[in-house]
Amino acid sequence: MKFSTMVLIAAATLGLGNIASAAETANGKKSSANAKTEAPKADVDTIVTTVCAACHNADGNSVITTNPRLAGQFPAYLSKQLNDFKSGARNNPIMAGMVATLTPDDMVKLGNYFGGQKPKNGNAKENGPGSMGEKIYKGGIATKGVAACASCHGPTGSGVPVQFPRIGGQHADYVTAQLKTFRSGERANDPAKMMQMIASRMSDQEIAAVSDYIQGLH
Ligand code: HEC
Ligand code: HEC
């Protein structure tokens with residue numbers, strides 16, 4: 001039995017008229033009549049308020065610390081990440097669901113929208129001036145061949161467009177999670193494995209210290 005026939009039978013049995021007409025469209029019968037009834041594409045403001053805001057806030061300064069702050073990030077970096085979630089180059093089940101229906105144009109516009117928001121500053125819990133976190137950020141870990149974070153992300157964490165993202169003020173919980181997924185290779189969308197090489201040489205304690213410092217950096 002052909003798949004389309006099975007769908008029609010199932011739809012008829014359940015009384016699902018819309019599935020039946022979709023199946024007919026697939027067979028090429030009603031396609032011209034149905035073309036006009038397709039839902040219009042949502043604009044970016046609607047996507048932000050109805051989807052993204054729940055986790056990242058409408059102004060891109062997420063309150064939940066496992067959801068990254070997007071405000072002030074380079075637009076091209078944000079749209080790269082959205083593309084990577086969609087292609088699977090960056091593996092995350094939550095975000096994969098969010099980007100599934102976005103077009104490349106939506107992703108550019110969403111990057112521009114969140115990148116244009118004003119970032120809020122955070123505070124370090126323990127790793128202020130003179131701390132282990134500051135030492136790693138500014139000087140790296142010489143004995144392990146870990147380069148200073150500042151050399152690529154800038155002394156105040158403001159990043160260098162467009163390849164080296166802004167990380168100053170990012171939630172420590174999110175930064176820790178990213179360093180650990182770079183370390184395990186679960187996140188592998190960094191050019192030339194730059195972050196994977198660095199994170200693979202860091203201990204949990206070093207990751208926690210530098211993440212706490214970054215949260216207060218601005
Ligand atoms: C259910 C919560 C949730 C929703 C809704 C959501 N996100 Fe996310 N987002 C996350 C989480 C969690 C991560 C971190 C993923 C990871 O750990 O790799 C993330 C990561 C991202 C990143 C990567 C940021 C970076 O610094 O690398 C971007 C960009 C992003 N989201 C944009 C969006 C946009 C645009 C929308 C709306 C279309 C959206 N998100 C909706 C939870 C959410
Ligand atoms: C050699 C340059 C380089 C150095 C040194 C470096 N990074 Fe990165 N980092 C990158 C690049 C490139 C990316 C972007 C990866 C991508 O495109 O997805 C990145 C991404 C990140 C991210 C993810 C940001 C986000 O919003 O998803 C975090 C967190 C991070 N780096 C932290 C650090 C920390 C902490 C250090 C120091 C221990 C460090 N980096 C040192 C190049 C570097």
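The values are calculated or read from the model by the stated rules, or taken from the named source; none is laboratory data. For clarity, every value in this text was computed on a predicted model and none was experimentally measured. A quick note on method: Cβ atoms are made from the backbone with ideal geometry, for glycine too, and the neighbour counts reach across all protein chains shown.
Computed quantities for the displayed model
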quantity: Single residue of region 49-82 satisfying the filter (outside any loop (DSSP other than H, G, I, E, B) and in contact with a helix residue (DSSP H, G or I) (Cβ under 6 Å, 6 or more places away or on another chain)) that is farthest from residue 187 (Cα to Cα); calculated: 75
quantity: Single condition residue 76 does not satisfy, out of (1) within 29 Å of residue 124 (Cβ to Cβ); (2) surrounded by 13 or more Cβ atoms within 10 Å (Cβ to Cβ); (3) within 6 Å of ligand 1 (Cβ to nearest atom); calculated: (3)
quantity: Any pair with Cβ under 7 angstrom, 6 or more apart, that starts in region 165-179 at a residue that is outside the structural domain of residue 63 (by TED's automatic domain parsing) and ends at one that is within 10 Å of ligand 2 (Cβ to nearest atom) and charged (D, E, K, R); calculated: 169/69; 170/69; 171/69; 178/187
quantity: Number of the exception - residue 115 against (1) of a type in the set (Gly, Ala, Ser); (2) surrounded by fewer than 20 Cβ atoms within 10 Å (Cβ to Cβ); (3) more than 20 Å from residue 208 (Cβ to Cβ); calculated: (2)
quantity: Condition check for residue 163: within 16 Å of ligand 1 (Cβ to nearest atom) and under 18 Å from residue 68 (Cα atoms); calculated: yes
quantity: All positions within region 81-107 that are over 9 Å from the mean Cα position of the chain (by Cα) and of a type in the set (Lys, Arg); calculated: 86
quantity: Which numbered condition residue 46 misses (of (1) at pLDDT below 95; (2) surrounded by fewer than 16 Cβ atoms within 10 Å (Cβ to Cβ)); calculated: (1)
quantity: Whichever residue in region 132-147 is touching a residue at least 40 places away in the same chain (Cβ under 8 Å) and more than 14 Å from residue 201 (Cβ to Cβ) and, among such residues, is surrounded by the most Cβ atoms within 10 Å (Cβ to Cβ); calculated: 133
quantity: Conditions (1) touching a strand residue (DSSP E or B) at 6+ places or on another chain (Cβ under 8 Å); (2) not assigned by TED's automatic domain parsing to the domain that holds residue 54; number of the one not met by residue 91; calculated: (2)
quantity: Single condition residue 191 does not satisfy, out of (1) without any contact (Cβ under 8 Å) to a residue 60 or more places away in the chain; (2) more than 7 Å from ligand 2 (Cβ to nearest atom); (3) surrounded by fewer than 19 Cβ atoms within 10 Å (Cβ to Cβ); (4) not aliphatic (A, V, I, L, M); calculated: (2)
quantity: Residues of region 91-109 that turn out to be of a type in the set (Val, Ile, Thr), in a helix (DSSP H, G or I) and surrounded by fewer than 16 Cβ atoms within 10 Å (Cβ to Cβ), as a count; calculated: 1
quantity: Meets criteria (free of Cβ contacts under 8 Å to residues at least 40 places away in the same chain and over 24 Å from residue 87 (Cβ atoms)) for residue 129; calculated: yes
quantity: All positions within region 45-68 that are within 6 Å of ligand 1 (Cβ to nearest atom) and not hydrophobic (A, V, I, L, M, F, W, C); calculated: 56, 66, 67, 68
quantity: Count of residues meeting criterion [within 8 Å of ligand 1 (Cβ to nearest atom) and closer than 14 Å to residue 149 by Cβ] in region 168-180; calculated: 2
